[in-house]
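Colleague: Can you keep this structure in mind? I'll have questions shortly.
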Amino acid sequence: LDSGGLFIAKLRKAGEAGDRDDAGWAAVPRVFAGDPTVDLDGGLAAVGDRFGLEVPPDYRWLERGGRGWMHTVSEWPAWATTVGDESPWRTISLGIRSVDFDSRDRPRPTNDLLRLMAPVHGPRTTSLDDDAVACFLARDTLDTEIDERGPIAVAWRGDVIGRGAVTGEGLKSEVPKARAADLKRAL
């Protein structure tokens, strides 16, 4: 993901399950450290229904900055969550950014979520041929016969490459410029 930052690992020696002390680690709820103004459960359901995504139930969610981050962390160091009533640690992100909300609070999946869940045959997916994908990654607007405006998963040769947007002008790329440049080089 070309990201950096702090990483925490909990290590255990194999075969010492009865001897370890797990004090200081707490279970992570399904959704934690949330922004109360974000309806993440409603957003996930709407994105899942619209794009045909089935997010596995073992994923957990962090809400931060009006976005949903998907992760698989089941335990969290207690010192990073509570010290008295306040935590001295602020989780900036955890996992992959998965759901954004637009200016009208409508949920939309991120490029990362679409690539991970790969809804190649979903209701909001379109497939492009070789010439069209080159134009799409070059940020050219493509003609489309799709009537419903809004975000759409874009696939090429059976793989989702990112998110596009159907507008009144046509299909536009919402793949970040750096990611599009990497994809163009790889393709």
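Colleague: Which net charge results when you count Lys and Arg as +1 and Asp and Glu as -1 among the other residues whose beta-carbon is under 13 Å from that of LEU187?
Modeller: Details: positive: ARG157, ARG179, LYS184, ARG185; negative: ASP129, ASP130, ASP131, ASP159, ASP182.
Taking every Cβ under 13 Å from that of LEU187, the sum is -1.
Colleague: I'd like the FRET efficiency for HIS121 and ALA186, computed as 1/(1 + (r/R0)^6) with the beta carbon distance as r and R0 of 35 Å, rounded to 0.05. Spell out each step's value before the answer.
Modeller: Details: r = 23 Å, r/R0 = 0.66.
Here the calculated transfer efficiency is 0.90.
Colleague: Order these peptides, 57-63, 95-101, by their mean beta-carbon neighbour count within 10 angstrom, highest first.
Modeller: Final packing ranking: 95-101, 57-63.
Computed from the coordinates by the stated procedures, all read-outs in this text should not be read as laboratory data. Here the structure is a predicted model, which means the values were calculated and not measured. Quick reminder, even Gly has a Cβ in these numbers, built from the backbone with ideal geometry, and neighbours come from all protein chains shown.
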